[in-house]
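Notes follow the structure.
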Amino acid sequence: MEERISASGHEFVLAEHASTFEVTTDDYLTKAGDCILGIEADRAPADFDAEFVAAASDASATITATFRADGRAVSITGRGDPRLTFENERSMVGRTSEYVDDRTIMVEADAAAADLDREFVAALANGADLTVVLRVE
């Protein structure tokens, strides 16, 4: 089961955060948003299908986020959690920790923004279109 999100890179995509990654529906980005990979997302967690949300809310679920931009793809894998609500209407955050709020889409991720391939990050900083595919198993 999967959800697909389209977003855009931005000149201030730095991808330097060591414990999170984020995609937002906001149409702006400052250098302080060092976990943000894409802006102007066409969907937020509140838009996800109820079946996807139910599956991702299982502690044994594996959630994979695959990011595609400029002919490159990178994936981050984490797990689901019963505390995930998928209620946020603006942004989605993957976390290497077990912290959960209404933006959280996975916990215990195996990577964060700072771990991503620097050529991939450079493409996003050059404004590349970003596709995010979230898959839950």
**OP:** Take R72 and decide whether it is out of contact with any Pro (no Cβ under 8 Å at 6 or more places or on another chain), within 29 Å of A125 (Cβ to Cβ) and surrounded by fewer than 18 Cβ atoms within 10 Å (Cβ to Cβ).
**Re:** yes
**OP:** Determine if segment 13-22 includes at least one residue that is assigned to a strand (DSSP E or B), surrounded by fewer than 18 Cβ atoms within 10 Å (Cβ to Cβ), out of contact with any strand residue (DSSP E or B) (no Cβ under 6 Å at 6 or more places or on another chain) and modelled with pLDDT of 95 or more.
**Re:** no
Original post:
Looking at segment 41-56, which of its residues are over 12 Å from L134 (Cβ atoms) and assigned to a helix (DSSP H, G or I)?
Top reply: A46, A50, E51, A54
Original post:
Consider M92 against the criteria (1) under 14 Å from the mean Cα position of the chain (by Cα); (2) at positive phi; (3) not charged (D, E, K, R): it satisfies all of them except one. Which criterion is unmet?
Top reply: (2)
Original post:
Which one is surrounded by the fewest Cβ atoms within 10 Å (Cβ to Cβ) among residues in segment 23-41 that are touching a Phe, Trp or Tyr at 6+ places or on another chain (Cβ under 6 Å) and either in contact (Cβ under 8 Å) with a residue 24 or more places away in the chain or aliphatic (A, V, I, L, M) (or both)?
Top reply: L29
**OP:** Report whether or not A109 is within 17 Å of R68 (Cβ to Cβ), small (G, A, S) and in contact (Cβ under 8 Å) with a residue 12 or more places away in the chain.
**Re:** no
Original post:
How many of the residues in segment 58-100 are part of a strand (DSSP E or B) and of a type in the set (S, T, Y)?
Top reply: 6
**OP:** Would you be able to tell me the number of residues in segment 42-66 that are more than 17 Å from R103 (Cβ to Cβ) and surrounded by 14 or more Cβ atoms within 10 Å (Cβ to Cβ)?
**Re:** 7
**OP:** Quickly run through segment 88-122 and pick out the residues that are surrounded by fewer than 19 Cβ atoms within 10 Å (Cβ to Cβ) and among the small types (G, A, S).
**Re:** S97, A111, A114, A122
Subject >> Count - residues of segment 42-77 that are touching a helix residue (DSSP H, G or I) at 6+ places or on another chain (Cβ under 7 Å), among the β-branched types (V, I, T) and free of Cβ contacts under 8 Å to residues at least 60 places away in the same chain >> reply: 1
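The values are calculated or read from the model by the stated rules, or taken from the named source; none is laboratory data. Keep in mind that what you see is a predicted model, and the values were worked out from it rather than measured. Counting neighbours? That spans all protein chains shown, and the Cβs are built from the backbone with ideal geometry, glycine included.
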